[in-house]
1. Roughly how many Å is it from the Cα centre of the stretch 54-90 to that of the stretch 119-191, as a whole number?
2. Any chance you could get the radius of gyration and Dmax over the Cα atoms of the stretch 95-229, in Å?
3. Could you check the spin-label model distance between residue 225 and residue 128? Points 7 Å from the Cα along Cα→Cβ, value in nm.
4. Could you tell me which helices of the chain pass both thresholds, a Cα extent of 20 Å or more along their own axis and a mean Kyte-Doolittle hydropathy of at least 0.5, with helices taken as whole DSSP H runs?
5. Take the solvent-accessible surface of the protein heavy atoms, probe 1.4 Å, and return the percent of it on the stretch 68-138 that carbon and sulfur atoms account for.
6. Net charge near residue 116, counting Lys/Arg +1 and Asp/Glu -1 over other residues with Cβ under 12 Å of its Cβ?
7. Choose one of 126, 69, 162: the residue whose Cα lies farthest towards the positive end of the charge dipole of the chain (beta-carbon charges +1 Lys, Arg; -1 Asp, Glu; about the Cα centre).
8. For the chain, what does the relative contact order come out to in percent, with C-alpha contacts under 8 Å and a separation of six or more?
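The values are calculated or read from the model by the stated rules, or taken from the named source; none is laboratory data. All of these numbers come straight from a predicted model, not from anything done at the bench. So basically every Cβ, Gly included, is an ideal-geometry build from the backbone, and we count neighbours across all protein chains shown. Side chains are part of the model used for accessible areas, which takes the heavy atoms of the whole protein and leaves out ligands, DNA and RNA. Shrake-Rupley method; radii C 1.70, N 1.55, O 1.52, S 1.80 Å.
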Amino acid sequence: MRQYSAEFLGTFWLVMGGCGSAVLAAAFPDLGIGLLGVSLAFGLTVLTMAFAIGHISGCHLNPAVSVGLWAGGRFPANQLAPYIAAQVLGGLAAGGVLFVIASGAPGFDVAGGFAANGYGAHSPGGYSLAAALVCEVVMTMFFLLVILGATDKRAPAGFAGIPIGLALTLIHLISIPVTNTSVNPARSTGVALYVGDWAVGQLWLFWVAPVVGALLGAVLYKAIAGQKN
């Protein structure tokens, strides 16, 4: 239960910090942090949690990461379901807290997006379903490649959170205009259910694409790593 609780709290922090920065601070009048700030916020949530709970649960914070670590031989199959449940619940809890905070501002309306992920008319840049699918698969694939490499027994110990957090920052810098960046089904679910309507209708892509990307990343890393971990 300590592991599951850590994953719940860690995913809560990721959604609260990342999506919270997008909803509350990205376009704040005159002092908005913009896409760069939101990208850094997502990376910082992972970096801070890696050192806070990495020694407890491994700091997955993401169903796709858990699946990728399982595929890479780093995580037992019998813990996948409870880890994913804890992550999704943490994301939903953070989405609820964020909704309460955001609704305290005059004129707030979830129809504005609430940091939900989307494609087509709901992509920040109007990108198509195909573009969103490819983007999410490729971004998650490289995210897993970085995670598996940084946590390899042959990598310098104690520093994995830094490249992993920076990788997530880079992923957001690339892909926010395409899908608002998911690479994490728990993050997507955590806000989509509060938006409802189109966000729930498009949520399938932000489960399928990250999981497929994670599996490809695990296969790719095992192919280039040259030894089992």
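1. Going from one Cα centre to the other spans 16 Å.
2. 16.7, 57
3. Placing both labels 7 Å along Cα→Cβ, they lie 3.6 nm apart.
4. Working: long enough: 2-20 (26 Å, 0.36); 34-57 (33 Å, 1.73); 80-102 (32 Å, 1.84); 129-150 (31 Å, 2.49); 161-179 (26 Å, 1.81); 205-225 (29 Å, 1.90).
Length and hydropathy pass: 34-57, 80-102, 129-150, 161-179, 205-225.
5. The computed percentage sits at 70.
6. 0
7. Farthest towards the positive end: 69.
8. Averaging sequence separation for qualifying contacts and normalising by length gives 31 percent for the chain.
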